[in-house]
Amino acid sequence: MPQASPSAKIAQKVGLTDVTVSYSRPSKKGRKIFGELVPYGAIWRTGANGATVLSFSTDVKIQGKDVPKGQYALYSIPDKKSWTIILSKNTKLWGAIGYNPEEDLIRFDVTPTKTKKEYETFEISFTNMTDKGADLMMAWDQTSASFHISMDSDPIVMAQIKEYVLDQDTDNPSLLYEASSYYLNTGRDLNKAYEWIQESVQTDPKYWAYHLKAKIEVALGLKTEAIESAKESIDLAEEAQNPDYVGLNERLIQSLK
């Protein structure tokens with residue numbers, strides 16, 4: 001028979017981290033949820049059936065607290081004005097039966113909010129995505145609560161750039177493109193980024209690489225060169241039938257006039 005609280009699994013890449021949530025989704029079905037079905041001040045499995053489990057492929061921070069990579073059960077203690085969020089090292093319990101606070105990894109408080117939308121079925125989702133983090137939101141009925149997951153991918157990326165680009169003095173156009181793109185996006189040495197992207201397009205001329213070259217030239221104040229690179233990118237993008245990059249380059253050229 002169909003499950004009353006069907007199981008769900010969502011996976012999200014956040015920065016360089018794979019975040020997975022496995023949980024069950026109860027429905028409202030005309031009931032009052034918080035303060036009645038889910039009592040205030042009591043430990044809640046934050047879902048239904050077995051424990052809701054979060055997994056992280058790298059070390060992360062949650063609300064600024066260190067969380068080593070691995071799997072954790074997500075519990076909460078909802079109240080009217082505050083929720084206590086708990087990550088437990090014990091992921092094997094059926095719901096909250098047998099929950100032991102001594103097995104907590106971390107706990108912290110968040111402020112719930114009233115939503116305009118009514119969530120008939122309990123939902124966990126990722127919001128406010130950036131390269132360095134995301135919010136995990138829990139919502140049911142007209143109440144939501146969220147917390148921030150963050151990770152520092154910069155040391156990992158820079159170590160790989162050192163290993164595969166700098167130390168090896170690579171001529172691989174893809175690696176050179178990725179390294180120059182990262183340098184531009186993180187405000188690093190633009191002259192080095194320019195050197196890499198020039199070598200990349202000389203070895204393997206691609207419309208996306210020429211577009212990056214144009215953006216780096218804009219950042220370096222090389223307006224004439226940027227327009228020429230954007231035009232080259234347009235020609236290659238039209239040949240590849242990619243109108244998105246044609247539009248990107250046309251807007252870049254227009255911004256320089």
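The values are calculated or read from the model by the stated rules, or taken from the named source; none is laboratory data. This one's a predicted model, so the numbers in the text were calculated from it and none came from an experiment. Cβ placement follows ideal geometry from the backbone for every residue including glycine, while neighbour counts extend to all protein chains displayed. The protein model used for the area step is the full one, side chains on, heavy atoms only, and it has no ligands, DNA or RNA in it. Shrake-Rupley method; radii C 1.70, N 1.55, O 1.52, S 1.80 Å.
Some points to look at:
- At most 15 other Cβ within 10 Å, DSSP loop - trypsin sites (Lys or Arg not before Pro), region 50-129: Lys69, Lys80, Lys81, Lys89, Lys92
- Per residue, the chain exposes 54 Å² of solvent-accessible protein surface, assessed with a 1.4 angstrom probe and all protein chains in place.
- Within the accessible area of the chain (1.4 Å probe), percent carbon and sulfur: 47 percent
- Between Ile106 and Leu256, the simple label model (points 7 Å from Cα in the Cβ direction) yields a spacing of 4.4 nm.
- In this structure the amide hydrogen of Ala96, modeled in the peptide plane, comes within under 5 Å of the amide hydrogens of Arg45, none closer than 5 places in sequence on its chain.
- Using the Karplus relation 6.51 cos²θ - 1.76 cosθ + 1.60 with θ = phi - 60°, the per-residue 3J(HN,Hα) values for region 79-89 come to 9, 4, 10, 7, 10, 9, 9, 10, 10, 9, 6 Hz, with x marking Gly and Pro.
- Its Kirkwood hydrodynamic radius, worked out from the mean inverse distance over all distinct Cα pairs, puts region 82-181 at 17.4 Å.
- In region 60-126, the chymotrypsin sites (Phe, Trp or Tyr not before Pro) that fall in loop regions by DSSP, at most 13 other Cβ within 10 Å: Trp94
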